[in-house]
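Novice: My questions will all concern the structure given below.
The values are calculated or read from the model by the stated rules, or taken from the named source; none is laboratory data. In this text, all values refer to a predicted model and were calculated from it rather than measured experimentally. Neighbour counts run over all protein chains shown; Cβ positions are idealised from the backbone, glycine included. Just the protein is used for accessible areas: all its heavy atoms, side chains included, with ligands, DNA and RNA removed. Shrake-Rupley method; radii C 1.70, N 1.55, O 1.52, S 1.80 Å.
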Amino acid sequence: MRKAVWCFPVVAVLVISSLAQDADHDMGMPGPGQSGQTMQGTEMQGMNMGVATSSMPSFHASSGSSWQPASVPENMWMITRGNWDVMLHGTVFITYNQQGGPRGAGKAESTNYLMSMEQHRLGSGTLLLRQMFSAESLTSPHPGFPELFQTGETYHGQPLIDHQHPHNVFAELAALYTLPVNEKVSWLLYGGPSAEPALGPVTYIHRQSASEDPEAPLGHHLQDSTHTSFGVVTTGFIFNLSELNLSKLGFLKIEGSAFNGHEPNEERWSIQLAPLDSWSFRGTSAPTRNWTAQYSYGRLLHPEALDPNNELRQSASLEYNRPLSGGKLGNGNWATSLIWGRKHKELFNTTQNSYLLESTLNFRQRNYAYTRLELADKDELFPQAPIHPAYRIGAYTFGGVRDLAHNQHWQVGLGGDVTFYSKPAVLDPIYGNDPVSFHLFVRVRPGSMEHSH
């Protein structure tokens, strides 16, 4: 069993390596010091609307139908097979995780995902197929990844407390079709048996500002936990505001979803289809290549297995990304996200909020400094108690990574971080006065496709 725990990271690295060599042959990947932006890659960014443009965010850099800024570097390989463009990306963290205080634990673990995408023209539009897989059900020690104050989902019929659940083997199996109606408007249709509704920001797994942090935010279940939903249908419109004589306002996307609002159960290898009993809508703006903002609202029917509540979710976020070239920081990238998430439980008539600021600075190509600062209301830390008061928890993470390998094939980094906490004094006897947690890890992912600045 111990060998099986590390099987997926090893296999993922071998598969990715093989496709990287194919990508070199088929697409003429540039050598060190040359631009990684091929003509095909430039066209691909605009293919989603059928109009070649460098300012529209790419659906390839996210999951679901969400948007990151167009300037976000895309760590992936591309090859061409006939009329299909095939893309592959993913990240593997191999980590020692030490959570502090009386309720902490130390474990070796791996967070990981592998995503493949296939895209080609279909009629007047573009079809994008996407599959995302994770082996965290094998590479996380039961009952999951130790994480102080984390809550959400179950293990052996009990609520998970102080642990982050592993992600499902089939984290996304979905298709996205975009069809230009005219030069100003495009229509989108997205969905699948495992997909992401139009609710919340870009999930932390894909956010550039969280790319070096192996841990889930404490506010995950108030912000972006619906990124794996077993049954989603989304439709909406993308407006080219510049073409609508609205100055340089970029792009606006309005979309709505019907989806299965239940959280995945403990069978991480299965697809648990159910009626599309929940709904959401989202508005996203991309005024420039470096900025995106979204607001979303949804109603989820009984999302938690052991909680009878229906939930109203709200989220707002602002993402900024800036490629760096030259200067004191050298070549690199700076990504920052500001996120608010709210959950209202209808039966209990209670509301919890979460606030997150995270930032990752890549400088002199090989170096990364990152931070995540968050406040999250937690009312599930003591599920057996007769009443469930909400506690405002703060988590403040500071970390860094140094790439040992950094080229068009690979980014292999060695890193670590430390997390400090704030909490009500009433929790001191249980969590300790000043718990401190840390991670030490190796991170492996594909090399980056550079954007022209």
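Novice: Could you calculate the FRET efficiency of L122 with V418 from 1/(1 + (r/R0)^6), where r is the beta carbon distance between them and R0 is 45 Å, rounded to 0.05?
Specialist: Efficiency computed from Cβ-Cβ geometry: 0.40.
Novice: Within segment 203-263, list the trypsin sites (Lys or Arg not before Pro) lying in a DSSP loop whose Cβ has at most 15 other Cβ atoms in a 10 Å radius.
Specialist: Those satisfying the criteria are K248.
Novice: Hey, if we sort K328, K107 by accessible area with the 1.4 Å probe, largest down, what's the order?
Specialist: K328, K107
Novice: For segment 295-340, what is the accessible area per residue in Å², given a 1.4 Å probe and the full set of protein chains?
Specialist: 43
Novice: A follow-up question, please. I need the calculated FRET efficiency for the pair E267 and F438, taking r as the beta carbon distance and R₀ as 25 Å, to the nearest 0.05.
Specialist: It comes out at approximately 0.20.
Novice: Okay, helix-only estimate at 222 nm for the chain: each DSSP H run of n ≥ 4 adds -39500 (n - 2.57), divide by all residues, round to 500 deg cm²/dmol; what do you get?
Specialist: The helix-only estimate for the chain comes to -2500 deg cm²/dmol at 222 nm.
Novice: So how much slack lies between L173 and F398, counting 0.36 nm per residue of separation and subtracting their Cα-Cα distance, in nm?
Specialist: That pair, L173 and F398, stretches by 77.6 nm at full extension.
Novice: Using the beta-carbon distance between K107 and S242 and R0 = 41 Å, what value does 1/(1 + (r/R0)^6) give for FRET efficiency, to the nearest 0.05?
Specialist: The formula returns an efficiency of 0.25 here.
Novice: Under 20 Å Cα to Cα from K378, which lysines show up? Leave out anything in the same chain fewer than 8 places away.
Specialist: Correct list for K378: K343, K345, K423.
Novice: Would you work out what percent of the accessible area of the chain, with all protein chains in place, is carbon or sulfur (probe 1.4 Å)?
Specialist: Within the chain, the accessible surface is 62 percent carbon and sulfur.
Novice: Continuing with this model, one more query. Under 18 Å from a label point 7 Å along Cα→Cβ of T235: give me every residue in segment 176-212 with its amide N that close.
Specialist: Output list for this probe position: 176-182, 185-193, 196-199.
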